[in-house]
Amino acid sequence: MATNGKATNIVWHKSSVGKLNRQELLEQKGCVLWITGLSGSGKSALACALCQALYSRGKLTYILDGDNIRHGLNRDLSFKAEDRAENIRRIGEVAKLFADAGIICIASVISPYRRDRDACRELLPEGDFIEVFMDVPLQICEARDPKGLYKLARAGKIKGFTGIDDPYEPPLNCELVLPQKGNDCASPCEMAETVISYLEEKGYLLA
Amino acid sequence: MSTVGNSTNIFWQESPVGKLERQKLLKQKGCVVWITGLSGSGKSTLACSLSRELYTRGKLSYVLDGDNLRHGLTRILVSKAEDRTENIRRVGEVAKLFADAGLICIASLISPYRKDRDACRAMLPDANFVEVFMNMPLELCEERDSKDLYKLARAGKIKGFTGIDDTYEPPFNCEIEINQKDGICPTPGAMAGEVVSYLEEKGYLQDQ
(Lines give C-alpha, C1' and ligand atoms only; values in the text may rest on other atoms or scores of the structure.)
Protein backbone atom coordinates (compact mmCIF):
# COMPACT_ATOMS: atom_id res chain seq x y z
CA MET A 1 0.00 0.00 0.00
CA ALA A 2 1.31 3.46 -0.86
CA THR A 3 2.02 6.14 1.71
CA ASN A 4 2.27 8.86 -0.91
CA GLY A 5 -0.14 9.93 -3.60
CA LYS A 6 -3.73 8.80 -3.42
CA ALA A 7 -4.50 7.11 -0.12
CA THR A 8 -5.51 3.48 -0.38
CA ASN A 9 -6.00 2.96 3.37
CA ILE A 10 -9.69 3.75 3.17
CA VAL A 11 -12.81 1.68 2.80
CA TRP A 12 -16.41 2.54 2.07
CA HIS A 13 -18.71 2.47 5.08
CA LYS A 14 -22.29 1.54 4.48
CA SER A 15 -24.76 3.49 6.54
CA SER A 16 -27.75 1.47 7.56
CA VAL A 17 -29.97 4.49 7.09
CA GLY A 18 -29.86 5.08 3.35
CA LYS A 19 -31.01 7.53 0.74
CA LEU A 20 -34.38 5.83 0.32
CA ASN A 21 -35.08 6.00 4.06
CA ARG A 22 -34.35 9.70 4.10
CA GLN A 23 -36.50 10.30 1.06
CA GLU A 24 -39.37 8.50 2.74
CA LEU A 25 -38.94 10.65 5.84
CA LEU A 26 -38.85 13.89 3.84
CA GLU A 27 -41.46 12.87 1.24
CA GLN A 28 -39.26 14.10 -1.55
CA LYS A 29 -36.39 12.91 -3.70
CA GLY A 30 -33.00 14.55 -3.35
CA CYS A 31 -31.47 16.19 -6.40
CA VAL A 32 -29.28 19.07 -7.51
CA LEU A 33 -30.73 22.08 -9.29
CA TRP A 34 -27.64 23.64 -10.86
CA ILE A 35 -28.44 27.23 -11.85
CA THR A 36 -25.82 28.66 -14.19
CA GLY A 37 -25.51 31.97 -16.01
CA LEU A 38 -23.80 35.35 -16.14
CA SER A 39 -23.52 37.60 -13.13
CA GLY A 40 -26.80 39.50 -12.92
CA SER A 41 -28.78 36.91 -14.91
CA GLY A 42 -31.01 36.24 -11.90
CA LYS A 43 -29.58 33.04 -10.45
CA SER A 44 -29.83 34.02 -6.80
CA ALA A 45 -33.27 35.56 -7.29
CA LEU A 46 -34.50 32.30 -8.83
CA ALA A 47 -32.82 30.24 -6.10
CA CYS A 48 -34.58 32.28 -3.41
CA ALA A 49 -37.94 32.12 -5.15
CA LEU A 50 -37.60 28.35 -5.56
CA CYS A 51 -36.62 27.89 -1.97
CA GLN A 52 -39.66 29.86 -0.81
CA ALA A 53 -42.10 28.11 -3.16
CA LEU A 54 -40.84 24.65 -2.23
CA TYR A 55 -40.91 25.45 1.49
CA SER A 56 -44.54 26.48 1.19
CA ARG A 57 -45.13 22.99 -0.27
CA GLY A 58 -43.39 21.44 2.75
CA LYS A 59 -40.22 20.53 0.86
CA LEU A 60 -36.70 20.84 2.21
CA THR A 61 -34.20 22.73 0.09
CA TYR A 62 -30.80 24.25 0.65
CA ILE A 63 -29.03 26.87 -1.41
CA LEU A 64 -25.35 26.60 -2.17
CA ASP A 65 -24.63 30.06 -3.46
CA GLY A 66 -21.29 30.69 -5.13
CA ASP A 67 -20.79 33.76 -2.96
CA ASN A 68 -21.69 32.12 0.38
CA ILE A 69 -19.49 29.11 -0.29
CA ARG A 70 -16.52 31.36 -1.03
CA HIS A 71 -16.86 32.76 2.51
CA GLY A 72 -16.53 29.31 4.06
CA LEU A 73 -15.56 26.04 2.41
CA ASN A 74 -13.90 27.73 -0.54
CA ARG A 75 -12.41 30.73 1.21
CA ASP A 76 -8.93 29.48 0.34
CA LEU A 77 -9.63 29.76 -3.40
CA SER A 78 -9.03 32.67 -5.77
CA PHE A 79 -10.54 33.41 -9.21
CA LYS A 80 -7.58 31.96 -11.13
CA ALA A 81 -8.62 29.32 -13.67
CA GLU A 82 -7.51 26.31 -11.63
CA ASP A 83 -9.17 27.67 -8.50
CA ARG A 84 -12.43 28.32 -10.39
CA ALA A 85 -12.40 24.68 -11.43
CA GLU A 86 -11.72 23.55 -7.86
CA ASN A 87 -14.47 25.89 -6.58
CA ILE A 88 -16.99 24.22 -8.88
CA ARG A 89 -15.67 20.74 -8.13
CA ARG A 90 -16.09 21.19 -4.38
CA ILE A 91 -19.56 22.70 -4.78
CA GLY A 92 -20.47 19.71 -6.95
CA GLU A 93 -19.22 17.26 -4.32
CA VAL A 94 -21.15 19.04 -1.56
CA ALA A 95 -24.29 19.23 -3.68
CA LYS A 96 -23.96 15.49 -4.24
CA LEU A 97 -23.87 14.91 -0.48
CA PHE A 98 -26.95 17.10 0.02
CA ALA A 99 -28.86 15.25 -2.71
CA ASP A 100 -27.87 11.97 -1.08
CA ALA A 101 -29.22 13.35 2.20
CA GLY A 102 -32.59 13.76 0.45
CA ILE A 103 -32.42 17.54 0.09
CA ILE A 104 -33.32 19.48 -3.04
CA CYS A 105 -30.00 21.25 -3.29
CA ILE A 106 -29.99 24.47 -5.30
CA ALA A 107 -26.53 25.43 -6.50
CA SER A 108 -26.43 29.00 -7.76
CA VAL A 109 -23.03 29.66 -9.36
CA ILE A 110 -21.88 31.38 -12.55
CA SER A 111 -19.90 28.17 -13.35
CA PRO A 112 -18.85 29.47 -16.74
CA TYR A 113 -17.01 26.43 -18.14
CA ARG A 114 -18.92 23.59 -19.69
CA ARG A 115 -16.33 21.00 -18.68
CA ASP A 116 -16.60 21.88 -14.99
CA ARG A 117 -20.42 21.74 -15.00
CA ASP A 118 -20.38 18.44 -16.88
CA ALA A 119 -17.94 17.01 -14.34
CA CYS A 120 -20.46 17.84 -11.59
CA ARG A 121 -23.22 16.18 -13.61
CA GLU A 122 -21.14 13.00 -13.70
CA LEU A 123 -21.04 12.88 -9.90
CA LEU A 124 -24.75 12.25 -9.63
CA PRO A 125 -27.05 9.43 -10.65
CA GLU A 126 -28.79 9.92 -14.02
CA GLY A 127 -31.51 12.52 -13.81
CA ASP A 128 -30.58 13.88 -10.38
CA PHE A 129 -28.49 16.73 -11.82
CA ILE A 130 -30.87 19.31 -13.26
CA GLU A 131 -29.07 22.08 -15.09
CA VAL A 132 -30.98 25.36 -15.31
CA PHE A 133 -29.51 27.94 -17.70
CA MET A 134 -30.37 31.59 -17.05
CA ASP A 135 -30.30 32.68 -20.68
CA VAL A 136 -30.20 36.44 -20.25
CA PRO A 137 -28.21 38.58 -22.73
CA LEU A 138 -25.04 40.25 -21.47
CA GLN A 139 -26.50 43.71 -22.16
CA ILE A 140 -29.39 43.07 -19.78
CA CYS A 141 -27.12 41.61 -17.09
CA GLU A 142 -24.79 44.58 -17.45
CA ALA A 143 -27.67 47.04 -17.31
CA ARG A 144 -28.82 45.44 -14.06
CA ASP A 145 -25.27 45.19 -12.66
CA PRO A 146 -26.68 44.45 -9.17
CA LYS A 147 -23.27 44.33 -7.51
CA GLY A 148 -21.49 47.02 -9.58
CA LEU A 149 -19.10 44.43 -10.94
CA TYR A 150 -19.57 45.05 -14.66
CA LYS A 151 -18.70 48.70 -14.10
CA LEU A 152 -15.48 47.71 -12.34
CA ALA A 153 -14.69 45.12 -15.00
CA ARG A 154 -15.20 47.65 -17.81
CA ALA A 155 -12.91 50.06 -15.96
CA GLY A 156 -10.27 47.32 -15.91
CA LYS A 157 -10.39 47.10 -12.12
CA ILE A 158 -11.42 43.44 -12.18
CA LYS A 159 -9.61 41.10 -14.53
CA GLY A 160 -11.04 37.88 -15.91
CA PHE A 161 -14.64 38.83 -15.21
CA THR A 162 -17.07 36.46 -16.88
CA GLY A 163 -18.78 38.05 -19.86
CA ILE A 164 -16.28 40.90 -20.15
CA ASP A 165 -12.86 39.36 -20.39
CA ASP A 166 -13.55 35.73 -19.63
CA PRO A 167 -15.91 33.48 -21.57
CA TYR A 168 -19.24 32.07 -20.52
CA GLU A 169 -19.90 28.74 -22.26
CA PRO A 170 -23.66 28.14 -22.41
CA PRO A 171 -24.87 24.60 -21.87
CA LEU A 172 -25.48 22.47 -24.96
CA ASN A 173 -27.95 20.09 -23.33
CA CYS A 174 -29.41 21.40 -20.15
CA GLU A 175 -32.74 20.36 -18.65
CA LEU A 176 -34.23 23.85 -18.40
CA VAL A 177 -33.61 27.21 -20.08
CA LEU A 178 -35.08 30.30 -18.42
CA PRO A 179 -36.80 32.54 -19.11
CA GLN A 180 -38.85 30.34 -21.42
CA LYS A 181 -39.33 31.42 -25.04
CA GLY A 182 -41.89 34.15 -25.41
CA ASN A 183 -41.84 34.98 -21.73
CA ASP A 184 -38.82 37.26 -21.43
CA CYS A 185 -40.36 39.22 -18.58
CA ALA A 186 -41.04 36.24 -16.34
CA SER A 187 -40.60 37.06 -12.67
CA PRO A 188 -38.45 34.90 -10.41
CA CYS A 189 -41.66 33.41 -8.96
CA GLU A 190 -42.98 32.51 -12.40
CA MET A 191 -39.66 30.94 -13.33
CA ALA A 192 -39.64 29.05 -10.04
CA GLU A 193 -43.02 27.57 -10.95
CA THR A 194 -41.55 26.32 -14.24
CA VAL A 195 -38.81 24.55 -12.34
CA ILE A 196 -41.29 23.14 -9.83
CA SER A 197 -43.46 21.75 -12.63
CA TYR A 198 -40.37 19.97 -13.94
CA LEU A 199 -39.60 18.55 -10.50
CA GLU A 200 -43.19 17.40 -10.08
CA GLU A 201 -43.24 15.79 -13.48
CA LYS A 202 -40.02 13.90 -12.76
CA GLY A 203 -41.22 12.68 -9.38
CA TYR A 204 -38.94 14.66 -7.06
CA LEU A 205 -41.76 16.12 -5.00
CA LEU A 206 -43.38 12.85 -4.02
CA ALA A 207 -41.79 10.22 -1.75
CA MET B 1 -10.45 45.19 -5.76
CA SER B 2 -8.22 42.17 -6.33
CA THR B 3 -8.98 39.23 -8.52
CA VAL B 4 -6.60 36.81 -6.88
CA GLY B 5 -6.40 35.63 -3.29
CA ASN B 6 -9.47 36.05 -1.19
CA SER B 7 -11.87 38.00 -3.31
CA THR B 8 -13.84 40.98 -2.18
CA ASN B 9 -16.11 40.82 -5.24
CA ILE B 10 -18.48 38.55 -3.37
CA PHE B 11 -21.52 39.32 -1.33
CA TRP B 12 -23.62 37.56 1.25
CA GLN B 13 -26.83 36.33 -0.31
CA GLU B 14 -29.83 36.39 2.03
CA SER B 15 -32.45 33.70 1.69
CA PRO B 16 -35.98 34.30 3.01
CA VAL B 17 -36.24 30.66 4.04
CA GLY B 18 -33.73 30.35 6.84
CA LYS B 19 -32.54 27.90 9.43
CA LEU B 20 -35.51 28.49 11.71
CA GLU B 21 -37.98 27.67 8.95
CA ARG B 22 -36.13 24.51 8.04
CA GLN B 23 -35.95 23.42 11.66
CA LYS B 24 -39.70 23.95 11.99
CA LEU B 25 -40.26 21.81 8.90
CA LEU B 26 -37.99 19.04 10.17
CA LYS B 27 -39.12 19.30 13.80
CA GLN B 28 -35.56 19.26 15.05
CA LYS B 29 -32.60 21.57 15.60
CA GLY B 30 -29.56 21.30 13.34
CA CYS B 31 -26.22 20.49 14.91
CA VAL B 32 -22.96 18.69 14.36
CA VAL B 33 -22.14 15.53 16.28
CA TRP B 34 -18.38 15.19 15.88
CA ILE B 35 -17.15 11.68 16.68
CA THR B 36 -13.40 11.51 17.24
CA GLY B 37 -11.03 8.71 18.23
CA LEU B 38 -8.40 6.22 17.08
CA SER B 39 -8.91 4.01 14.05
CA GLY B 40 -10.94 1.04 15.24
CA SER B 41 -12.38 2.84 18.27
CA GLY B 42 -15.91 2.43 16.92
CA LYS B 43 -16.63 5.82 15.37
CA SER B 44 -18.36 4.57 12.24
CA THR B 45 -20.24 1.95 14.25
CA LEU B 46 -21.59 4.69 16.51
CA ALA B 47 -22.35 6.95 13.54
CA CYS B 48 -24.43 4.19 11.95
CA SER B 49 -26.31 3.22 15.08
CA LEU B 50 -26.93 6.86 16.00
CA SER B 51 -28.25 7.59 12.54
CA ARG B 52 -30.58 4.60 12.78
CA GLU B 53 -31.77 5.57 16.27
CA LEU B 54 -32.56 9.09 15.10
CA TYR B 55 -34.36 7.79 12.02
CA THR B 56 -36.67 5.62 14.13
CA ARG B 57 -37.58 8.84 15.98
CA GLY B 58 -38.35 10.54 12.66
CA LYS B 59 -35.26 12.72 12.79
CA LEU B 60 -33.11 13.52 9.78
CA SER B 61 -29.38 12.97 10.09
CA TYR B 62 -26.52 12.56 7.68
CA VAL B 63 -23.18 10.87 8.23
CA LEU B 64 -19.98 12.46 6.99
CA ASP B 65 -17.46 9.70 7.28
CA GLY B 66 -13.79 10.54 6.78
CA ASP B 67 -13.45 7.57 4.47
CA ASN B 68 -16.55 8.35 2.35
CA LEU B 69 -15.45 11.93 1.90
CA ARG B 70 -11.96 11.03 0.75
CA HIS B 71 -13.51 9.46 -2.36
CA GLY B 72 -15.06 12.83 -3.17
CA LEU B 73 -14.72 16.22 -1.52
CA THR B 74 -11.28 15.72 -0.04
CA ARG B 75 -9.92 13.28 -2.61
CA ILE B 76 -7.05 15.45 -3.72
CA LEU B 77 -5.62 15.54 -0.20
CA VAL B 78 -3.16 12.96 1.04
CA SER B 79 -2.28 12.08 4.61
CA LYS B 80 0.39 14.67 5.45
CA ALA B 81 -0.14 16.77 8.56
CA GLU B 82 -1.16 19.98 6.78
CA ASP B 83 -3.48 18.01 4.55
CA ARG B 84 -5.08 16.47 7.63
CA THR B 85 -5.78 20.01 8.79
CA GLU B 86 -7.30 20.98 5.45
CA ASN B 87 -9.27 17.72 5.38
CA ILE B 88 -10.77 18.47 8.79
CA ARG B 89 -11.42 22.10 7.86
CA ARG B 90 -13.40 21.07 4.77
CA VAL B 91 -15.42 18.51 6.67
CA GLY B 92 -16.12 21.13 9.34
CA GLU B 93 -17.35 23.61 6.74
CA VAL B 94 -19.61 21.02 5.13
CA ALA B 95 -20.93 19.86 8.49
CA LYS B 96 -21.74 23.50 9.24
CA LEU B 97 -23.77 23.69 6.02
CA PHE B 98 -25.71 20.55 6.95
CA ALA B 99 -26.41 21.90 10.44
CA ASP B 100 -27.59 25.15 8.87
CA ALA B 101 -29.86 23.08 6.62
CA GLY B 102 -31.44 21.74 9.83
CA LEU B 103 -29.90 18.28 9.82
CA ILE B 104 -28.14 16.45 12.62
CA CYS B 105 -24.83 16.04 10.89
CA ILE B 106 -22.75 13.17 12.25
CA ALA B 107 -19.08 13.62 11.38
CA SER B 108 -17.02 10.52 12.06
CA LEU B 109 -13.28 11.10 11.65
CA ILE B 110 -10.11 10.26 13.57
CA SER B 111 -9.39 14.05 13.61
CA PRO B 112 -6.37 13.56 15.87
CA TYR B 113 -5.34 17.17 16.49
CA ARG B 114 -7.09 19.25 19.12
CA LYS B 115 -6.48 22.48 17.23
CA ASP B 116 -8.28 21.20 14.13
CA ARG B 117 -11.31 19.95 16.08
CA ASP B 118 -11.51 23.20 18.03
CA ALA B 119 -11.41 25.13 14.77
CA CYS B 120 -14.49 23.20 13.62
CA ARG B 121 -16.21 23.90 16.93
CA ALA B 122 -15.56 27.59 16.39
CA MET B 123 -17.24 27.44 12.95
CA LEU B 124 -20.59 26.48 14.43
CA PRO B 125 -22.72 29.30 15.80
CA ASP B 126 -24.63 28.92 19.06
CA ALA B 127 -22.52 26.02 20.35
CA ASN B 128 -24.28 23.45 18.13
CA PHE B 129 -21.18 21.28 18.17
CA VAL B 130 -21.35 18.04 20.14
CA GLU B 131 -17.92 16.41 20.44
CA VAL B 132 -18.05 12.69 21.17
CA PHE B 133 -14.76 11.09 22.17
CA MET B 134 -14.44 7.34 21.62
CA ASN B 135 -12.07 6.73 24.50
CA MET B 136 -10.94 3.21 23.67
CA PRO B 137 -7.45 1.94 24.49
CA LEU B 138 -4.96 1.56 21.64
CA GLU B 139 -4.56 -2.14 22.46
CA LEU B 140 -8.26 -2.74 21.88
CA CYS B 141 -8.29 -0.78 18.62
CA GLU B 142 -5.20 -2.60 17.42
CA GLU B 143 -6.70 -5.96 18.37
CA ARG B 144 -9.79 -5.15 16.32
CA ASP B 145 -7.72 -3.76 13.43
CA SER B 146 -10.79 -4.02 11.24
CA LYS B 147 -8.98 -2.61 8.22
CA ASP B 148 -5.54 -4.23 8.85
CA LEU B 149 -4.06 -0.77 9.15
CA TYR B 150 -2.26 -1.25 12.46
CA LYS B 151 -0.58 -4.33 11.03
CA LEU B 152 0.68 -2.33 8.07
CA ALA B 153 1.69 0.57 10.30
CA ARG B 154 3.67 -1.73 12.63
CA ALA B 155 5.40 -3.21 9.57
CA GLY B 156 6.39 0.31 8.59
CA LYS B 157 4.30 0.17 5.42
CA ILE B 158 2.16 3.12 6.46
CA LYS B 159 3.88 6.17 7.89
CA GLY B 160 2.31 8.70 10.20
CA PHE B 161 -0.48 6.39 11.30
CA THR B 162 -2.37 7.76 14.29
CA GLY B 163 -1.60 5.88 17.47
CA ILE B 164 1.52 4.22 16.07
CA ASP B 165 3.77 6.96 14.76
CA ASP B 166 1.52 9.98 14.95
CA THR B 167 -0.18 11.36 18.02
CA TYR B 168 -3.81 11.36 18.98
CA GLU B 169 -4.65 14.33 21.20
CA PRO B 170 -7.72 13.54 23.33
CA PRO B 171 -10.24 16.34 23.91
CA PHE B 172 -10.09 18.36 27.13
CA ASN B 173 -13.74 19.36 27.14
CA CYS B 174 -15.86 17.18 24.98
CA GLU B 175 -19.59 16.91 25.49
CA ILE B 176 -19.71 13.10 25.57
CA GLU B 177 -17.04 10.54 26.32
CA ILE B 178 -17.64 6.89 25.48
CA ASN B 179 -15.57 4.58 27.69
CA GLN B 180 -15.34 0.93 28.45
CA LYS B 181 -17.09 -0.10 31.66
CA ASP B 182 -15.06 -2.66 33.60
CA GLY B 183 -13.16 -3.49 30.44
CA ILE B 184 -16.33 -4.04 28.39
CA CYS B 185 -17.27 -1.83 25.44
CA PRO B 186 -20.80 -0.50 25.37
CA THR B 187 -22.95 -1.90 22.56
CA PRO B 188 -23.63 0.26 19.51
CA GLY B 189 -27.21 0.66 20.72
CA ALA B 190 -26.12 1.78 24.17
CA MET B 191 -23.64 4.28 22.74
CA ALA B 192 -26.26 5.68 20.41
CA GLY B 193 -28.68 5.87 23.33
CA GLU B 194 -26.23 8.00 25.28
CA VAL B 195 -25.87 10.47 22.45
CA VAL B 196 -29.62 10.56 21.79
CA SER B 197 -30.29 11.29 25.47
CA TYR B 198 -27.85 14.17 25.33
CA LEU B 199 -29.47 15.57 22.17
CA GLU B 200 -32.92 15.22 23.71
CA GLU B 201 -31.85 16.95 26.89
CA LYS B 202 -30.41 19.88 24.94
CA GLY B 203 -33.55 20.30 22.87
CA TYR B 204 -32.31 19.14 19.47
CA LEU B 205 -35.00 16.53 18.97
CA GLN B 206 -38.17 18.43 19.71
CA ASP B 207 -40.57 20.52 17.61
CA GLN B 208 -39.03 23.93 17.00
- Task: Based solely on C-alpha atoms, express the radius of gyration and the Dmax of chain B in angstrom.
- Result: 18.1, 62
- Task: Mind giving me the nanometre distance, one decimal, between the label points for A:Ala155 and B:Ala190, set 7 Å out from Cα along Cα→Cβ?
- Result: 6.8
- Distance in nm between label sites at A:His71 and A:Lys202, each 7 Å beyond Cα in the beta-carbon direction? 2.9
- Dipole check, chain B, charges on Cβ (K,R +1; D,E -1), about Cα centroid: among B:Pro186, B:Gln23, B:Ala127 the Cα furthest to the positive pole belongs to B:Gln23
- Message: Counting heavy atoms of the protein chains only and a 1.4 Å probe, report the per residue accessible area for the protein assembly as shown as a whole number of Å².
- Response: 44
- Message: Just to be sure I understand: of the beta bridges DSSP finds with both ends in chain B, what percent are antiparallel, rounded to 5?
- Response: 5
- Message: Can you give me the long-range amide H partners of A:Glu131? Hydrogens built in the peptide plane at 1.01 Å from N, cutoff under 5 Å, separation of 5 or more residues or another chain.
- Response: A:Trp34, A:Glu175, A:Leu176
- Task: Taking all protein chains together and a probe of 1.4 Å, list B:Arg70, B:Arg75 from the most accessible to the least accessible.
- Result: B:Arg75, B:Arg70
- Of the accessible area of chain A, with the probe set at 1.4 angstrom, what percent is carbon plus sulfur? 52
- Under 13 Å from the Cα of B:Lys29 - aspartates and glutamates, other chains or at least 8 residues apart: B:Glu21, B:Asp100, B:Asp126, B:Glu200, B:Glu201, B:Asp207
- Query: Protein chains only, probe 1.4 Å: how do B:Lys151, B:Lys43 rank by accessible area, largest first?
  - Reply: B:Lys151, B:Lys43
- Message: Could you tell me the center-to-center distance, by alpha carbons, between segment B:152-208 and segment A:137-207 in angstrom?
- Response: 46
- Report, by chain and number, residues whose modeled amide H sits under 5 Å from the one on A:Ile63, excluding near sequence neighbours (fewer than 5 apart, same chain). A:Ile106
- Run the dipole for the protein assembly as shown about the Cα centre, Lys and Arg Cβ at +1, Asp and Glu Cβ at -1, nothing else charged, and hand back the magnitude in debye, nearest 20. 360
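The values are calculated or read from the model by the stated rules, or taken from the named source; none is laboratory data. Keep in mind it's a predicted model, so treat the numbers as computed, not measured. Because the Cβ atoms are built from the backbone with ideal geometry, glycine has one as well, and the counts that use them run over all protein chains shown. When the accessible area is computed, the model is the full protein with side chains, heavy atoms only, and any ligands, DNA or RNA have been set aside. Shrake-Rupley method; radii C 1.70, N 1.55, O 1.52, S 1.80 Å.
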